[in-house]
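Here is the structure we will look at.
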Amino acid sequence: MEYNVEKIRRDFPGLDRSFYGHPMVYLDNTATSQTPRQVVEEIERLYYNHKANVHRGVSSISQEATDRQEATRRRVAEWIGAGSVEEVIFTRGTTESINLVAASFGQRFKEGDEIILTVMEHHSNIVPWQLLAMRTGIRLRVVPLGSDNSTLDFESYRLLFNDRTVMASFCHVSNVLGTVNPVSEMIAIAHSHGVPVLVDGAQAVPHMKVDVTALDADFYVFSSHKMYGPTGIGVLYGKRDLLESMPPYQGGGEMISSVSFGGTTWADLPFKFEAGTPDFIGIAALHRAIDYIDSIGYDAIYRHEKELLDYAVDGMKGIEGMRIFGNSPHKSAVISFLIGNAHHYDTGMLLDKLGIEVRTGHHCAQPLMRALGIEGTVRASLAMYNTKEEIDMFLLALRRIAPMLA
Ligand code: PMP
């Protein structure tokens, strides 16, 4: 079936903007994606007709809300290949999911224990472990980039494991380089040392089918807002035995079995980790985002984004002074670049004046910037709704501004 990008675009009214008299070309999908009307209309419908708190007893309206939230949980579980629905915890996002694991699972670690991270991590997969290190005295060991400055130094990864290693945590896809890490092999190596793994899937789930059971990930985390869903919702997948062995992260309503001043007992999974009222409307609408992705299909999305990525990179290579960061053969549709010695901010500002919406800066990956010997990049990132015409506009804009920046 032919990929009908115009039909897809009609579902995304947010794309229909212009800046400085130019139609907007939205190329900041790594930061957040636009949201289809199917999701927004569901949010509106639920706010107007079905606003009732979840897990609040016998009222029909509350029961409906609970059913909707739990239907999304089942949908997510089946979608990512979780072994059971209780292994899916709703959080506020990737960041909160990682903080939850670091704070709760991390309580078992002690001084001298080592956690393996990589140099290409987003700050949200670095700082929670540093906070844990401050509390417990664990050490962080960091996998460097290989000589291609794009992929991880796999041999270093292998050699970092020793009898003090207690955890490994790394991204599936880099938000700066677009590199798709060989997570399956990386998990297998960690497991051969008896080490559990957290995979940060924030940049994978919007672009590729993820099966946590096939990967054998111990924890897998992602954010709804980057995968065409509502803001403020994330998922933590965890293997049941690990989640069961972990103490609660936050205390409050819903996460308890019974409370007394003599002692409190916890609710069963998944509720043990879901203190307080969740964003139950957003969670229900996340269901529609998953349905939307499935209605297009990951294979079709991948082919479309890859075609645009190759087309954009080919065009960019012809531009004087262009430096692209991230040349892994397994690369997602993220292009980080600099033009000559021009500051990323100046490039981004000029692109903005032409309606091209990109991201500039360190992209919450300062250790990676340091490893690359730069302060920041300009980042153009694609989604299922971008078009070849938009890439042409992007390339035209780059050709216009490059001489000004030289
Ligand atoms: N990890 C990666 C790889 C990311 O790209 C991001 C978002 N830029 C995050 C984690 C954090 O996601 P959130 O802000 O939605 O928690």
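The values are calculated or read from the model by the stated rules, or taken from the named source; none is laboratory data. Please read all numbers here as calculations on a predicted model, not as lab measurements. Cβ atoms come from the backbone with ideal geometry, glycine included; neighbour counts cover every protein chain shown. For the accessible areas, the whole protein counts, side chains as well, though only heavy atoms, and no ligand, DNA or RNA atoms are used. Shrake-Rupley method; radii C 1.70, N 1.55, O 1.52, S 1.80 Å.
Worth pointing out:
- Scanning the stretch 145-178 for residues that are within 11 Å of Ile116 (Cα to Cα) and not aliphatic (A, V, I, L, M) yields Ser156, Tyr157, Arg158, Phe161, Asn162, Arg164, Thr165, Ser169, Phe170.
- Just so you know, in the stretch 351-406 the residues that are open to solvent by less than 10 Å² (accessible area, probe 1.4 Å) and of a type in the set (S, T, N, Q) include one that is farthest from Gly14 (Cα to Cα), and it is Thr377.
- Restricting attention to the stretch 308-328, the residues being assigned to a helix (DSSP H, G or I), in contact (Cβ under 8 Å) with a residue 24 or more places away in the chain and of a type outside the set (Ser, Thr, Tyr) number 5.
- All positions within the stretch 97-109 that are within 15 Å of the ligand (Cβ to nearest atom) and open to solvent by 30 Å² or more (accessible area, probe 1.4 Å): Asn99
- Residue pairs whose Cβ atoms lie under 6 Å apart, sitting 6 or more positions apart in sequence or on different chains, and linking a residue in the stretch 103-131 that is free of Cβ contacts under 8 Å to residues at least 40 places away in the same chain to a partner that is within 15 Å of the ligand (Cβ to nearest atom) and among the small types (Gly, Ala, Ser), are Pro128/Ala102.
- Test: residue in the stretch 71-84 that is hydroxyl-bearing (Ser, Thr, Tyr) and either away from the ligand (no atom under 16 Å from the Cβ) or without any contact (Cβ under 8 Å) to a residue 40 or more places away in the chain (or both): yes
- Of Arg303, Arg288, all but one fail to be assigned to a helix (DSSP H, G or I), surrounded by fewer than 22 Cβ atoms within 10 Å (Cβ to Cβ) and either under 21 Å from the mean Cα position of the chain (by Cα) or among the β-branched types (Val, Ile, Thr) (or both); the exception is Arg303.
- The lone exception for Gly315 - which of (1) closer than 30 Å to Asp148 by Cα; (2) within 16 Å of the ligand (Cβ to nearest atom) it fails: (2)
- Scanning the stretch 350-365 for residues being assigned to a strand (DSSP E or B) and within 16 Å of Thr32 (Cβ to Cβ) gives a total of 4.
- Residue that is nearest to the ligand (Cβ to nearest atom) [pool: residues in the stretch 110-138 that are part of a helix (DSSP H, G or I) and open to solvent by 20 Å² or more (accessible area, probe 1.4 Å)]: His123
- The stretch 209-236, residues that are out of contact with any Gly (no Cβ under 8 Å at 6 or more places or on another chain) and either open to solvent by 10 Å² or more (accessible area, probe 1.4 Å) or more than 16 Å from Pro278 (Cα to Cα) (or both): Lys209, Leu215, Asp216, Ala217, Lys226, Met227, Tyr228
- Looking across the stretch 63-96 at every residue that is of a type in the set (Lys, Arg) and open to solvent by 10 Å² or more (accessible area, probe 1.4 Å), the one that is nearest to Val205 (Cα to Cα) is identified as Arg75.
- Selection from the stretch 1-42 of residues that are farther than 28 Å from Thr95 by Cα, assigned to a loop (DSSP other than H, G, I, E, B) and modelled with pLDDT of 95 or more: Tyr3, Asn4, Asp11, Asp16, Arg17, Tyr20, Gly21, Met24
- Test: residue in the stretch 171-185 that is of a type in the set (Gly, Ala, Ser), open to solvent by 50 Å² or more (accessible area, probe 1.4 Å) and free of Cβ contacts under 8 Å to residues at least 40 places away in the same chain: yes
- Any chance Arg45 is under 28 Å from Ala383 (Cα atoms), charged (D, E, K, R), assigned to a helix (DSSP H, G or I) and touching a helix residue (DSSP H, G or I) at 6+ places or on another chain (Cβ under 7 Å): no
- Residue selected from the stretch 187-220 under the condition under 22 Å from Met384 (Cβ atoms) and in a strand (DSSP E or B), by the criterion farthest from the ligand (Cβ to nearest atom): Tyr220
- In the stretch 35-51, residue least open to solvent (accessible area, probe 1.4 Å) [restricted to those that are among the polar types (S, T, N, Q) and away from the ligand (no atom under 15 Å from the Cβ)]: Gln38
- Among the residues making up the stretch 261-273, those that are open to solvent by 60 Å² or more (accessible area, probe 1.4 Å) and either in contact (Cβ under 8 Å) with a residue 40 or more places away in the chain or in a loop (DSSP other than H, G, I, E, B) (or both) are Phe261, Gly262, Asp268.
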